Amino acid sequence: MNYKNGKNYLEDNSKGEYEIDHKNHGSSHHNHGTHHVDRTNMKNEVNVLVHYEGNLLTINLKDQNGNAPELEVSHEKLFHLIIVSSDLQQYDHLHPVDKGNGVFKQEISLKEDLYKVFVDVSPKNLGYQIKPIDLHIGHGHYHG
């Protein structure tokens, strides 16, 4: 990203690709340090359980001892939830309500389909890697 006239922009490298000018990358971002952590081989120390019933999505987060993990704010929110339908017609980026003790709730209407759910949180002092979670709504989709 380059910085000109008070704005960041991507620069075309003439190969049809865009490059980011990292020396000026920080000029428009703050508290961005954890964003670049390599989590590819990180062990998940947080268990995520997702349940949907009656237009209410419940996400339960527990550490390996069964305790609610303490979460840190990331990108100005404690919890980012991404839900994508298998036909890609429904895409939601939500911020569920913290109900305490590792339980988060989000009202949402989901039609019968298979969804990929991504729970994006930053647990304090625990390893966590975002992985897609299959959520089957209705009778037409089965675990396989």
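Here are a few things to note about the model shown:
- Based on protein heavy atoms only, region 82-144 ends up with 60 Å² per residue of surface accessible to a 1.4 Å probe.
- Computed E for Lys62/Asp87 - FRET, C-beta separation, R0 35 angstrom, nearest 0.05: 0.65
- Backbone geometry of region 116-123 corresponds, through the Karplus equation with coefficients 6.51, -1.76 and 1.60 at θ = phi - 60°, to 3J(HN,Hα) couplings of 9, 10, 10, 9, 10, 10, 10, x Hz, x marking Gly and Pro.
- Computed label-point distance, nm, for sites Lys105 and Ile137 using a 7 Å Cα→Cβ extension: 1.8 nm
- Computed in the context of the full set of protein chains, the accessible area of region 44-103 at 1.4 Å probe radius has 45% of its extent on carbon or sulfur.
- From phi via Karplus (6.51, -1.76, 1.60), per-residue ³J(HN,Hα) for region 91-96 in Hz, x at Gly/Pro: 9, 10, 10, 10, 10, x
The values are calculated or read from the model by the stated rules, or taken from the named source; none is laboratory data. Bear in mind that the values here come from a model prediction, so they are computed numbers and not experimental data. Every residue, glycine as well, gets a Cβ built from its backbone with ideal geometry; the counts of neighbours run over all protein chains shown. The accessibility values were calculated without ligands, DNA or RNA, using every heavy atom of the protein model including side chains. Shrake-Rupley method; radii C 1.70, N 1.55, O 1.52, S 1.80 Å.
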